[in-house]
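Notes for the one structure printed next.
The values are calculated or read from the model by the stated rules, or taken from the named source; none is laboratory data. What you are looking at is a predicted structure, and each value in this text was computed from that prediction instead of being measured. All Cβ positions, glycine included, derive from the backbone under ideal geometry; neighbour counts span all protein chains shown.
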Amino acid sequence: MKKKLGIIIACLCVAVFIASGAALYLRRQENIRAAEAAMAAETARIAAREAAAQASARLKAVTVKGRQPAHEFTRPAPPPLVPRANILDLLELNPDTVGYLSIENSKIDYPVVQGTDNDYYLHHTFDYIYATRGSIFVDCNVELDPEILPPHILMHGHHMRDGSMFKDVANYKTKSFFEDHPLVRYETLYLDTVWQVFSVYVCDSNEYVPMSFKDDETFVEYAEKVAARSMYHVDMPPFTAEDRLLTLNTCSYEFGGAHTLVVAKLIRVGYDIDWMREAG
């Protein structure tokens, strides 16, 4: 009996061992399959990232290639400025010519010169003849460039009793003349410009009129100052450092040493007489 019981126990132990081994085997197989699945998933993710990166690289290459010009492009240089024939003709007569000044419906219609000082053309005409009327001339302290307008051009001319030279500059003190003659035309060797008068005022001959400015702010302050001094108000956009001023100066008779100054602002480079008449 005891022998039979021992055999049964032994058989049970063997059965338990076999069952445990089978369970362990199954768990190992499950772990292997899970590991293989995780590895396959990671491999798939890596492959997907690589495929996305390759696609992005191909797209980038196509995009860049599409934006690149098929051949090298060189922007053409602007055409050279062409000298104005009328100024060239005047230069042949007088090498000091720097332009031509005119105001429609007035007697101001003269060539403009610039000397090495402010004395010679005060008493010499355009053709070098000594005469009281002198010439219309740019102040010798203005640094002129035929292709570029300086910030401020100051011109001088006599106030002649016969109405010639800058007599009409003094007439700007009359409101009707001021309103009827708002535009000034000034031609240089390369430029044809139109200016709008915005100020007329009387000052002493000893008053300093700046022709250059230490900075943009000083220039704007000066423009605002002469606008505020005007006998008549003109609605103008705010002044900026890019603006250009033209001042016409002549003698006046309000008091000893009085001068009348008319100040205009550049509004157009290029000239159309029909447009000028409409604007006036």
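Side notes on the structure shown:
- Within region 163-175, the residues that satisfy the criterion of being of a type outside the set (Gly, Ala, Ser) and part of a helix (DSSP H, G or I) are Lys167, Asp168, Val169, Asn171, Lys175.
- Check on Ser106, touching a residue at least 24 places away in the same chain (Cβ under 8 Å), within 19 Å of Val194 (Cα to Cα) and in contact with a helix residue (DSSP H, G or I) (Cβ under 6 Å, 6 or more places away or on another chain): yes
- For the condition touching a residue at least 60 places away in the same chain (Cβ under 8 Å) and in contact with a Phe, Trp or Tyr (Cβ under 6 Å, 6 or more places away or on another chain), Gly115 does not qualify.
- Residue within region 144-157 that is surrounded by 15 or more Cβ atoms within 10 Å (Cβ to Cβ), more than 26 Å from the chain's Cα centre (by Cα) and not in a loop (DSSP other than H, G, I, E, B) present: yes
- Unique match (being among the acidic types (Asp, Glu), modelled with pLDDT of 95 or more and exposed (fewer than 14 other Cβ atoms within 10 Å of the Cβ)) among Asp127, Asp168: Asp127
- The strands (runs of 3 or more DSSP E) falling completely within region 176-280 include none with 1 or more residues that are surrounded by 18 or more Cβ atoms within 10 Å (Cβ to Cβ) and not assigned by TED's automatic domain parsing to the domain that holds Asp109.
- Residues in region 258-279 that are of a type in the set (D, E, K, R) and modelled with pLDDT of 95 or more: Lys265 only.
- The set of residues in region 88-109 being in contact with an Asp or Glu (Cβ under 9 Å, 6 or more places away or on another chain), surrounded by 19 or more Cβ atoms within 10 Å (Cβ to Cβ) and assigned to a loop (DSSP other than H, G, I, E, B) consists of Ile103, Ile108.
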